[in-house]
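A quick write-up on the structure given underneath.
Taken together, the values in this text are just the output of simple stated rules run on the coordinates, not laboratory data. Quick caveat, the model's predicted, so the values are computed rather than measured. Note that we place each Cβ from the backbone using ideal geometry, even for glycine, and neighbour counts take in every protein chain shown.
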Amino acid sequence: MKFSSCYQTSIPVRDVSMYLLQNEKDSYGNEVSRLARPLPVEYLLVDIPASTPLTPQFTFYVSDNITPFLIENRLIDGQIQEFSSLCSYMQQFTKEQFLEAVSDFHLLIFIATMDMFPMKDHMLPLLEAIRTKDREKAVEWSCSEQWATVEQLISETTASTSQPTFDTTSSRISSSALAEGSGIAVGTDPIVNSPPDQRLWTCSHCTFLNAADFAMCEMCGLPRNT
């Protein structure tokens, strides 16, 4: 079928189909035009090009020397977003590179929705600074009370992970070896009547009970002494 447009300027018509004519042949083989009723579906089909650019333009910070922040909802790939992931990511940047550090989409999602200290209600100035690439506004936001709290937690978590943990296995072996050499019997089994605070400690952030030899909370990943 062949379609052509017919505009009636003298008579206002609200029906769109009145502007569309359909050419077809009648029973005598003559080509005649009539109103296209009902409106042909072919008239509504359009070609919409959809593709990816040959040269993508990144709006966030990208560097070969920086490991991007983990992607959310990628548990099957082993990408688990935890507070320790934030600590490892921020250690790649200096204080002057704060704008580059926060110019990561997945990082923004994480700090906006993290369980212990969600910052969604305080991120509007930061997002505006990232959009306009304003380094001064980004640094000014980094001095806010909310982000200062996060930086303190990052500092304490980093310090806790750098401290060596107590190896109970090697301690028992050393005690047994010392007992054999001195002739003193040393028990290796845990003390049954030991105080509860020596076996477990309660996290002040999520109230999870952790083993005594853990320097960080097994549930929320925050340091013990905060």
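Structure above, values below:
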item	result
Cα Rg over Rh - the range 48-136, Kirkwood	1.00
Surrounding net charge for residue 107, when Lys and Arg each add one and Asp and Glu each subtract one, Cβ distance under 12 Å	-3
